[in-house]
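Structure first, then comments.
The values are calculated or read from the model by the stated rules, or taken from the named source; none is laboratory data. Because the structure is predicted, anything quoted here is derived from the model rather than measured. Cβ placement follows ideal geometry from the backbone for every residue including glycine, while neighbour counts extend to all protein chains displayed.
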Amino acid sequence: MKKLVTSLLVVAVGALFAVAVGAQGQLTGAGATFPNPIYSKWFDVYSKLKGVQINYQSVGSGAGIRQITAGTVDFGASDGPMTDEQIAAYEKDRGGAILHFPTVLGAVVPTYNIPGVDASLKFTQKAISDIYLGKITKWNDPEIAKSNAGVKLPADDIVVVHRSDGSGTTYIFTDFLSKVSPEWKQKVGRNTSVNWPVGLGGKGNEGVSGLVKQTPDAIGYVELIYALQNKLPFGDVQNKDGLFVRASLETTTAAAAGAAKNMPADFRVSITDSPGKTAYPISSFTWLLIPAKIPDAGKRTTLKDFVRWMLTDGQKDTEALYYAPLPKQVVQQELKAISKIQ
Amino acid sequence: MATGTTIGKSAGPNTASRSFSARLLQGDQVAHAITFLAAATIMLITIMLVIVLWDKSVLPRAKFGLDFLVTKVWDPNAGQFGALPFVYGTLVTTAVSLAIGVPLGLGAAIFLAELAPPSISDSLTFVIELLAAVPSVIYGLLGIFVVVPFVRHPLAGWLEHTLGVLPLIGGIFKGPCYGVSFLAAGLVLAIMIVPFIVSVSREVLLAVPTDQREAALALGSTRWESTWKVVVPFALPGVLGSVFLAMARALGETMAVTMVVGNVVEIHSSLLAPGYSIAAVIANEFTEATGDLYLQALVELGLVLFLVTFILNGLARLMILFTASRGGTS
Amino acid sequence: MSGWAGTPHMRMRKGISFFFLGSTALCALVVVGVLFFILGYLVWNGGSSVNLNFFTKLPTPVGETGGGMANAIVGSMKLLFLASLIGIPLGVVGGIYMAEFSGKLSAFILQYTADLLNGVPSIVIGIFAYSIIVLRMKHFSAYAGGFALGIMMIPVTLRSTEQFLRDVPLSMREASMALGASKWKTIVSVVVPAAYRGILTAILLSMARVAGETAPLLFTALNNRFWSHGFNEPIASLPVVVYTYAISPYDDWHRQAWAAGLVLLGMVLLTNIIARGILSRGISAPR
């Protein structure tokens, strides 16, 4: 009996180690939850295509920036471009530059769960900012009702939901709010993590959509695909030109039109509240954060190859998941920038 | 130390056994060294733990000092960090868990120690101790899908309309409830700590000498009176010890709390409001704390939690030891 | 006496006694009921998802169904293996030191240290492992996760080994030494085997405990969508995957979380039952 148990144990341990041999090293990336649906699809397809595994963990843009700065992951991902201070901190800690590579365009939508209301609500810029400032507390508030004549809004208290973790989606959303509400800009500001005036915290886009789905009278901001995959209603938002626009591939692409022509060399640009009749006001690029200096030749080749693949073949997968592909000029600019990775 | 020397010395005078005893001595010394090494490694790890916690929280300690414990603001943007909302949340959720768990656990322990026949008592205790083995993430899972909806509706409404209208304590049952709340966290924690209370309390109750019970009954008290007025007070230090142990567990619990507490950095007097706890904020924000001050503020929170659980554990051991010596068990 | 016993006052006292004692029975029932509720709920929600896919497939991209947790199951085993490499030798050998070699002062210090370690919140152990392993190695890995879990195993194995060794009667040791065995030989051939059941129980219990830990893995082992090769890469584990899936909005992931919870709970409970079974058989054996 003892012999049997011992030999079984030996076999089991051996099996554990067996997985150690073979297969190339994996790459590890961490960051934004905003593009997680498309990234997980890309890395899955890429691993089947090239046999290289890229393990992406959607832990939030804040964590992505933090971990790439600490050097514990091979690349990061964020929907809010790194600030000048963060870039300086990276250069100080890692001794090299950090490159931003836009991957897709996405939209942040206000999603809600109001019992009895199935319709798509229209939110003015003031409505959204005041809800998140805590100044509008009930669903039947005039500011909301006036844009939604014909919808019976209950007199319930609004349950505001935001991110509890450091989030690029938060960055995009607060970037928009800072542009449309001077009070927000002054009181709260834009960042991946802010001092929210009101609301519950959910972890990741997943946590916010989960919380909104389970909590009646809740409103939250999530990436478009999360609202769609979870069949949560989401509202139209008033854009700079005063029109109510619904997030979609076309309207997101329209928001990027202006930026595409004037893309800065480091690709850090904000496209919220863009001008244009069909522009969706809470749109954004999302970036991969890749170190300019990668000592490991295998990892360097893999990352460069992946970025190239992502910019060419990968862009074809975006629409099925409701992310808008990058404008052609941006793709060209990025293909050239790949050479900066050394 | 050096107990091997007696054998070696008495093993005999000739050269053959001297080398044998010399070998024996060496064996003992080697064994002593190896085991000492293991023990020393454990000490080393613990010391390193404390050092790391202390060293990696130097920035906020220098910047905020003791004010850290009483500042309400947690603003990573402005570089302002205060532990108060998290300390408050940790204390409140623990208090709620004790308020529910201690009566429940003590009641069950009394039943198991005093009333139940031994075979039932043993098997039920076995089952209850299994509860202690349930991973916390599973409690969290049930918290999200069972406790939170239950608290949202109907528990919160019921509490608001019954206890909420009382003077004084009514205030803690007011306000809108989204399900995720101090109360939800407290409920989940209560279930998690009950096995500790039952297990230890039952043992200390069983350890109370039967003559104490018999004396009370002989004087004409009812079963309950002898239990509540004689046996329990006798076992009280041990019971308190179990409470401290349970408290230490509840204070440090991470997963179950973060999944149901709401993750809101605010201090509310109502139990129906969402909140935060030290362990939960560390779990949520540690991997993304950009900037050294932010990260170290989180480590400082870990240090605070560590110190509190450390003190409580010490008290618990003392209490249990105290009862064991009084009770007459080994 | 009967007249006294029948007075209204006495009846009230008896009534109170019955009420409170009845409540204690209710308490016990509630507590026991909770365990069965947990088990039942997990079986109800997760039972149907514990299928072949669950055990053999890797996770699918977000939003797609049909994925499984094969890597998380193996990952948990690998982490447990690493944790045991740290927790068992240090705990058992350290326990031998405490029981057999140390003086009163060092025994006290070690007991205190074990208590300290035991009381450290698991998230704080995660901070420690992150600081000294992940940051130094510059990546997340199973090593870091195993290290964190191993530290958590030490207090239980240490205290239990010491306790069970001390319980071995002096007569056995003296008999062994009288036959000429040295101290270390006595320990290895006589004392430890005598305490073997208790030590084994402690090992199993501590393994079951760390198998379900999530918090210390969050920033050490991270997570992995693929198979983790060797121990130097981030690795998936059942508790972390349960957590990630539970807070997500995807129904398919919720179902998988229930299934994983059921499997995890099943393994943990089974280990506990076996461990206690071993121990109780040992107690009835002649000493």
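Residue-by-condition table, conditions (1) touching a residue at least 12 places away in the same chain (Cβ under 8 Å); (2) hydrophobic (A, V, I, L, M, F, W, C); (3) under 24 Å from B:Gly252 (Cα atoms):
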| site | (1), (2), (3) |
| --- | --- |
| B:Phe68 | yes, yes, yes |
| B:Gly82 | yes, no, yes |
| B:Gly89 | yes, no, yes |
| B:Val102 | yes, yes, yes |
| B:Ile120 | no, yes, no |
| B:Glu129 | yes, no, yes |
- [ ] Scan the range C:234-248 residue by residue and report those that are in a loop (DSSP other than H, G, I, E, B) and either of a type in the set (A, V, I, L, M, F, W, C) or modelled with pLDDT under 90 (or both).
- [x] C:Ile235, C:Ala236, C:Ile247, C:Ser248
Task: Residue count, the range C:168-184 (criterion: within 11 Å of another protein chain (Cβ to nearest Cβ), within 25 Å of B:Ala40 (Cβ to Cβ) and modelled with pLDDT of 85 or more) - done: 1
Task: The lone exception for B:Ile138 - which of (1) facing another protein chain (nearest Cβ under 9 Å); (2) assigned to a helix (DSSP H, G or I); (3) in contact (Cβ under 8 Å) with a residue 24 or more places away in the chain it fails - done: (3)
TODO: Kindly provide the set of residues from the range A:158-186 that are part of a loop (DSSP other than H, G, I, E, B) and either away from every other protein chain (no Cβ under 12 Å) or under 14 Å from the mean Cα position of the chain (by Cα) (or both), ordered by number.
DONE: A:Asp165, A:Gly166, A:Ser167, A:Ser181
Task: Enumeration of residues in the range B:160-193 that are assigned to a helix (DSSP H, G or I) and either touching a Lys or Arg at 6+ places or on another chain (Cβ under 9 Å) or of a type outside the set (A, V, I, L, M, F, W, C) (or both) - done: B:Glu160, B:His161, B:Gly164, B:Gly170, B:Gly171, B:Ala184, B:Gly186, B:Leu189, B:Met192, B:Ile193
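For the structure I just gave you, tell me whether C:Ala211 is in contact with a Leu (Cβ under 7 Å, 6 or more places away or on another chain) and either more than 9 Å from chain B (Cβ to nearest Cβ) or not hydroxyl-bearing (Ser, Thr, Tyr) (or both).
Spelling it out, C:Ala211 is indeed in contact with a Leu (Cβ under 7 Å, 6 or more places away or on another chain) and either more than 9 Å from chain B (Cβ to nearest Cβ) or not hydroxyl-bearing (Ser, Thr, Tyr) (or both).
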Task: For B:Asp211: the one exception among (1) surrounded by 18 or more Cβ atoms within 10 Å (Cβ to Cβ); (2) over 30 Å from A:Thr215 (Cα atoms) - done: (1)
- [ ] Would you tally the residues in the range C:249-286 being under 15 Å from B:Met259 (Cα atoms) and either assigned to a loop (DSSP other than H, G, I, E, B) or in contact with a Cys (Cβ under 6 Å, 6 or more places away or on another chain) (or both)?
- [x] 1
Task: Criterion (small (Gly, Ala, Ser), surrounded by 24 or more Cβ atoms within 10 Å (Cβ to Cβ) and over 21 Å from B:Leu69 (Cα atoms)) met by exactly one of B:Ala246, B:Ala250 - done: B:Ala246
- [ ] Kindly indicate whether any position in the range B:231-248 is in contact with a helix residue (DSSP H, G or I) (Cβ under 9 Å, 6 or more places away or on another chain) and either free of Cβ contacts under 8 Å to residues at least 60 places away in the same chain or under 30 Å from A:Thr215 (Cα atoms) (or both).
- [x] no
Task: helices (runs of 4 or more DSSP H) fully within the range C:50-151 counting 3 or more residues that are touching a Leu at 6+ places or on another chain (Cβ under 7 Å) - done: C:70-96, C:122-129
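Does the range A:204-227 hold any residues that are of a type in the set (Gly, Ala, Ser), facing chain C (nearest Cβ under 7 Å) and in contact (Cβ under 8 Å) with a residue 24 or more places away in the chain, and which are they?
Across the range A:204-227, the qualifying residues are A:Gly207, A:Ser209.
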TODO: Scan the range A:139-181 for residues that are free of Cβ contacts under 8 Å to residues at least 60 places away in the same chain and of a type in the set (Lys, Arg) and jot them down.
DONE: A:Lys146, A:Lys152
Open item on the list: For the range A:114-130, which positions are of a type in the set (Val, Ile, Thr) and under 16 Å from A:Val161 (Cβ atoms)?
Closed with: A:Ile114, A:Ile128
Task: When residues of the range C:45-96 are limited to those that are surrounded by 22 or more Cβ atoms within 10 Å (Cβ to Cβ) and more than 14 Å from chain B (Cβ to nearest Cβ), the one farthest from A:Val10 (Cα to Cα) - done: C:Val62
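Pull up the range A:289-311, narrow it to residues that are assigned to a helix (DSSP H, G or I) and free of Cβ contacts under 8 Å to residues at least 12 places away in the same chain, then point me to the one that is surrounded by the fewest Cβ atoms within 10 Å (Cβ to Cβ).
Looking at residues that are assigned to a helix (DSSP H, G or I) and free of Cβ contacts under 8 Å to residues at least 12 places away in the same chain, I get A:Ala297.
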- [ ] Determine whether C:Met153 is closer than 30 Å to A:Ala70 by Cβ and within 12 Å of chain B (Cβ to nearest Cβ).
- [x] yes
Task: Out of C:Ala99, C:Ala129, sole residue that is touching a residue at least 60 places away in the same chain (Cβ under 8 Å), within 11 Å of chain B (Cβ to nearest Cβ) and in contact with a Lys or Arg (Cβ under 6 Å, 6 or more places away or on another chain) - done: C:Ala99
